[in-house]
Amino acid sequence: MLLFLSQEPERRPRPGLGLRPPAAAAASAGPAAMSSVCGGPVGAGSLPSELVVHIFSFLAAPDRLRASAACSHWRECLFYPALWPRLRLSLRVCPAERPRLDFLMRKCGWFVRELRVQFAADNYPSGGGGGGGGGASGVCEEATAVAAAAVAAAVATDGEAPLCPRWLELLRTYLELVLCVLSSVRNNRNLQKLSLFGDISILQQHGSIYLSKVDPDGKKIKQIQQLFEEILSNSRQLKWLSCGFMLQIVTPTSLSSLSNPIANTMEHLSLLDNHIPGNTTLITAVELERFVGLRSLALDFCDFTAEMARVLADNNHVPLHRLSLLVHNISVMHKSLENMPEDEDWKALTRNSTNLRVYVMAFDIKSDDMLRILKPSIPLERIHFDSYITCVSGAVVDLISRQYDKFLTHFILMNDVIDTSGFPDLSDNRTEDPLVLLAWRCTRLSLLAVHGYTVWAHNLIAIARLRGSDLKVLEVTEESIDFDQGELADQDVDPVHNLIEQVSLGLGRPWHAVMDIELLSVFTEPTRHFYREMQSFSEGI
């Protein structure tokens, strides 16, 4: 449910929404004529609150809002707790959201049982001048990456980055919206699911620079951290806690605020944040011992140590069903891979959790590091590569197809290069194309998405024929597809038309290459896509 309230509805009945009295003539004759039925007034406003709430329960959220304009009594019934057990909000980080969010959270924050909030910048700044990028649904990732590199270079050379006024205002608004959300649910003891996601891109990498200007004494950040810990300490029914890329909200001591009974019965825990410096982690193996009831877990890969794997493999812990791991180049730079689980640790974990499935997303990770990370005994079901600088090698794809042929269902390969004149070719110096081998070996493969890597037309046809209708999703961008010289030289056959026809025949359904990359969030918003997919992956137990 996506819900935004701009202002309170007017206090006037709307045609078709009120309940007319038995006698239409009496209704049109004014208040005197609407005398009574059994001694009381008649009309929409006379219905008991319980009946109005029951009527509202059959309506979708937008229809409830329209119906509440019938009269003041109906509007009072709009925010009855039973009608709003869950709120799922997508908030633009802009000042205009604040009054709407204040109103909604004041009405629902104290009783809502499931709260999911996504923060996204309205227009991402692109460069030092603060120009506009795409909207929240179409972020210009390339401009953001270039801007991030410029900031990093400025810090390295001059010691201080040029501060963009637009970014400063964006961060200031972001902190206000986060404070509004957390303060409204601080005393909500009915809260069962809390999910917070902050997609503010450039600030994830250089947020500390801007925080020092927006919040120089750290009061707002401390207040946010205290509110978050207060929510955890007051919770009595919390089963699902998910916090992804929320700038400095979660600290290494946050989880200690949870009581032992709540920690013991927690079913899902997600702590994803790549701005934590040095060897600091948001959860330790000792802290994880309290979460004996976890069925799904999402962490930064560098935080998931061999000791944690052994804790989860213990017989006192319920079997783990879902494990999502984010491998980020920033974390790898500041932390070490030396403590990651070895193959024996994965074997022990899968013995205790026979239904365990793993989802991995890798941001700009070198192929050598990926070859170290991908242990044979990982029950890898989904893997998503996204990069701006480092390309995935054919050796990595070949290893995945050989080791995880019994588990792999989703494979996403994304390379957001600025120069599209020459994409890397995974089949270079190889007899067989690694993507074709992936389709041949991984018999459960149902989703394949590729952008920024050369996919030869004849290999794409082979993939479609190998997997057929079992390949539910095949997304390949038009600029990634290339043709052999022989195909282009044949004057009797249009190579593009032939490709579309052959792939469609192989899949058993109409197929077209992706012409506009902005239409697919998997390509334009990788972080948001991963977080959304991780949520559904964890819920699909």
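Evaluate the charge dipole of region 385-531 about its Cα centre and quote only its size in Debye, nearest 20, assuming +1 on the Cβ of each Lys and Arg and -1 on the Cβ of each Asp and Glu.
Details: 10 positive and 23 negative charges, 206 e Å.
For region 385-531, the charge dipole is close to 980 debye.
For a quick protection proxy, order the peptides 46-58, 186-198, 93-105 by their average other-Cβ count within 10 Å, most packed first. Can you show the working numbers first?
Values: 46-58: 14.5, 186-198: 19.8, 93-105: 17.2.
Averaged packing, sorted descending, gives the order 186-198, 93-105, 46-58.
Can you compute the charge dipole magnitude of region 255-318 about its Cα centre, using +1 on each Lys and Arg Cβ and -1 on each Asp and Glu Cβ, nothing else charged? Give it in debye, rounded to the nearest 20.
140
Below 8 Å between Cα atoms, with a sequence gap of 6+, how large is the relative contact order for region 426-498 in percent?
Numbers: 72 pairs, mean separation 23.4, N = 73.
Computed value for region 426-498: 32 percent relative contact order.
Just for the Cα atoms in region 294-424, what are the lengths along the principal axes, largest first, rounded to whole Å?
Largest to smallest, the principal-axis extents are 55, 33, 21 Å.
With every protein chain present, what is the per residue accessible area of region 441-518 (1.4 Å probe, Å²)?
For region 441-518, the per-residue accessible area is 50 Å².
Compute log10 of I(q)/I(0) for region 271-336 with the Debye formula, placing one identical point scatterer on every Cα and leaving out solvent, at q = 0.23, 0.24 Å⁻¹, to two decimals.
Those come out to -0.97, -1.04, one per q.
Gap in Å between the Cα centre of region 90-114 and the Cα centre of region 253-332?
Between the Cα centre of region 253-332 and that of region 90-114, the gap is 29 Å.
Would you work out the charge dipole size for region 381-449 about its Cα centre, treating the Cβ of every Lys and Arg as +1 and the Cβ of every Asp and Glu as -1, and quote it to the nearest 20 debye?
400
The values are calculated or read from the model by the stated rules, or taken from the named source; none is laboratory data. None of the values given here were measured: they were computed from a predicted structure. Please note: Cβ atoms are built from the backbone with ideal geometry, for glycine as well, and neighbour counts cover all protein chains shown. Accessible surface areas use protein heavy atoms only, side chains included; no ligands, DNA or RNA. Shrake-Rupley method; radii C 1.70, N 1.55, O 1.52, S 1.80 Å.
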